[in-house]
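Asker: There's a structure below that I have some questions on.
The values are calculated or read from the model by the stated rules, or taken from the named source; none is laboratory data. In this text the structure is predicted, and so the values were computed from the model without any measurement. Note: ideal-geometry Cβ built from the backbone for every residue, glycine included; neighbour counts use all protein chains shown.
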């Protein structure tokens, strides 16, 4: 009997040793909070944009003839007045010489008619010649004078055509490849008259589109006082290249289309950007950052503090008793690369969790620490507990 009791006591002691201790309650998560304040901030708006030449000129032959010379390097910068093409001038030089001869002939005829009229007038006044002789002399004089005028016009036309055989650049810019080769016959009335084009790039135009929804939202913000516009309505524009580089020269908006496109529901806006180094070329895709828009009394917090919930965006606000509350918010535009504007849901003085958001449980307490401490605490809390030692 004593042996049986001893066996039961031993079994009870073994069962008691095998029971695990109840898990300790996890400590409150450590988080970093930001006390919300209102401030006046710049609110630039980014648009996808494309560059365009501020003056693209098609180089077209105005007279027909054989292309004698291509005088520029294709694709390179050409100066205003620089020779681009030379058509064979010899036929036009011959036409100009013939026209000059006609002028001389008409001038000689005019001189004769003028002298004849000078002799006829006094004789007619003395009734030595009839009135018909005077009229005839006057008519010959007027006809010769008109002949000189017409011949001189023909000479000017011939000289213009001769000048058109020398084709120069009307602007400073980059010249495209030649559409015709040396020795080709150029017909001024056909497609072969298109020789090349020159695109001016200083300044350069930057075009982007503003949608109807964006315009309506901007008007609503201005009406409600959430944003203010420049008094002179001049909006500086900064250009960001495709690799993220900020272009050193700033420009301004110079044109806005008065009507919306029926195809896209947006209207075109154009900015003029100085391009002295000619780093911007036509057709480049860039980001146009329109500045000058100010948002007074704005609430700005880090983007990482905003979470996406089932009903929209939310942030965690720490109440006076150090417990977390999930607060729905309405977000606005981005502010720089890391911050975002909160349009509704927060007020100055609210404490928002900006680090350690994933460890927060709504309604549970948290421990507020300085920036950097929450990350180390999170690593420590993330470590699994050591298994209990077996006895």
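Asker: Could you tell me whether any residue of region 243-255 is in a loop (DSSP other than H, G, I, E, B), touching a residue at least 24 places away in the same chain (Cβ under 8 Å) and loosely packed, with under 13 Cβ neighbours inside 10 Å?
Answerer: no
Asker: Tell me, please, whether a residue that is exposed (fewer than 14 other Cβ atoms within 10 Å of the Cβ), free of Cβ contacts under 8 Å to residues at least 40 places away in the same chain and within 48 Å of the chain's Cα centre (by Cα) can be found in region 150-161.
Answerer: Yes, there is a match, as at least one residue in region 150-161 is exposed (fewer than 14 other Cβ atoms within 10 Å of the Cβ), free of Cβ contacts under 8 Å to residues at least 40 places away in the same chain and within 48 Å of the chain's Cα centre (by Cα).
Asker: Being under 30 Å from residue 353 (Cβ atoms) and surrounded by 14 or more Cβ atoms within 10 Å (Cβ to Cβ) is the filter here, so list the residues in region 32-75 that pass it.
Answerer: Listed by number, the residues that qualify are 32, 33, 34, 36, 38, 41, 43, 44, 45, 46.
Asker: As an exercise: evaluate residue 93 against (1) out of contact with any strand residue (DSSP E or B) (no Cβ under 9 Å at 6 or more places or on another chain); (2) at pLDDT 95 or above; (3) not in a helix (DSSP H, G or I) and give the number of the one condition it does not meet.
Answerer: (3)
Asker: Another question, if that's okay. For region 121-137, state whether one or more residues are at pLDDT 90 or above and surrounded by 12 or more Cβ atoms within 10 Å (Cβ to Cβ).
Answerer: Scanning region 121-137, I find no residue that is at pLDDT 90 or above and surrounded by 12 or more Cβ atoms within 10 Å (Cβ to Cβ), so the answer is no.
Asker: Also, quick follow-up: Within region 212-238, how many residues turn out to be under 21 Å from the mean Cα position of the chain (by Cα), surrounded by 10 or more Cβ atoms within 10 Å (Cβ to Cβ) and assigned to a loop (DSSP other than H, G, I, E, B)? I'd like the intermediate steps shown before the answer.
Answerer: Initial filter on region 212-238 (under 21 Å from the mean Cα position of the chain (by Cα)): 212-215, 218, 229-230, 233-238.
Next, from what is left, pick out any that are surrounded by 10 or more Cβ atoms within 10 Å (Cβ to Cβ): 212-215, 218, 229-230, 234-238.
Filter once more, so that each one left must be assigned to a loop (DSSP other than H, G, I, E, B): 229-230, 234-235.
Total satisfying the criteria: 4.
Asker: Another question, then. Is it the case, given these coordinates, that residue 290 is at pLDDT 95 or above and closer than 15 Å to residue 237 by Cβ? Can you show your working first?
Answerer: On the way: at pLDDT 95 or above: no; closer than 15 Å to residue 237 by Cβ: yes.
So residue 290 does not fit the description; no.
Let's see how each residue does on (1) more than 30 Å from residue 175 (Cβ to Cβ); (2) in contact with a strand residue (DSSP E or B) (Cβ under 6 Å, 6 or more places away or on another chain):
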| residue | (1), (2) |
| --- | --- |
| 58 | no, yes |
| 80 | no, no |
| 98 | yes, no |
| 110 | yes, no |
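Asker: Out of (1) at pLDDT 95 or above; (2) farther than 27 Å from residue 77 by Cβ, what's the single condition that is false for residue 253?
Answerer: Result: residue 253 fails condition (1) only.
Asker: Among the listed residues 329, 315, identify the single one that is in contact with a helix residue (DSSP H, G or I) (Cβ under 9 Å, 6 or more places away or on another chain), within 19 Å of residue 363 (Cα to Cα) and assigned to a strand (DSSP E or B).
Answerer: On inspection, the qualifying residue turns out to be 315.
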